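K.L.:
Got a structure for you, written out below as structure tokens; questions coming shortly.
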């Protein structure tokens, strides 16, 4: 799998509502090692939380949800450096996205078209890359597997912060944002 920053550069245009210019964030450009901050954590939580609107029934049907959540996790990971306090968060997001990718690939509905929902469900916002559907016959099994992947990502994040009270609150917030995406899958 290619680097998330490269794969998702086309959807990282300014703010989450589609305003601003298409430039990589300074963090991604220099790949600096940064400590946890309220702003960075909130940015990541906000990106993951956009899945609620981006992956909703209004824009896509349930067969595309797993891939939509995968792309949202990659979008969040692309905003994080590979070193420092956020490295474990980035690794957990990329790992979960790769596992979700395998689930979608193994259960794909080849005859389904691809959709490109706007990020955050805002009509003028940049769109996610084309999403792949899971076949309706495999939907239940794929959703169960995807829920397990998201649960594992949460657990990894919380364990990664066990030895640091400074990181714990930040990692908990990201884990809660991941948990909120499971509601989308359960409604499938």
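K.L.:
If you rank 68, 55 by fewest surrounding Cβ atoms within 10 Å, what's the result?
P.N.:
In increasing order of surrounding Cβ atoms, one gets 68, 55.
K.L.:
Within the stretch 80-96, which residues have the backbone N less than 18 Å from the label spot 7 Å out from residue 148 along Cα→beta-carbon, could you tell me?
P.N.:
95-96
K.L.:
Same structure again: Take the alpha carbon atoms of the stretch 66-118, find their radius of gyration, then divide it by 2.2 N^0.38 Å using N residues; give the quotient.
P.N.:
That works out to 1.30 for the stretch 66-118.
K.L.:
Could you tell me the distance between the Cα centroids of the stretch 87-108 and the stretch 148-176, to the nearest Å?
P.N.:
What the calculation gives is 16 Å, centre to centre.
K.L.:
Could I ask something else about it? Taking a ≥ b ≥ c as the square roots of the Cα gyration tensor eigenvalues, with a/c under 1.5 meaning rounded and otherwise prolate when a/b beats b/c, else oblate, which class fits the stretch 83-170?
P.N.:
Oblate.
K.L.:
So, one more: Going by average Cβ neighbours within 10 Å, how do the peptides 160-172, 141-153, 71-83 rank, with the highest at the top?
P.N.:
Per-residue mean Cβ counts within 10 Å order the peptides as 71-83, 141-153, 160-172.
Every read-out reported here was derived from the displayed coordinates using simple, explicitly stated rules and does not represent laboratory data. This is a predicted model, so every value here is computed, not measured. Glycine gets a Cβ as well: all are built from the backbone with ideal geometry, and neighbour counts include every protein chain shown.
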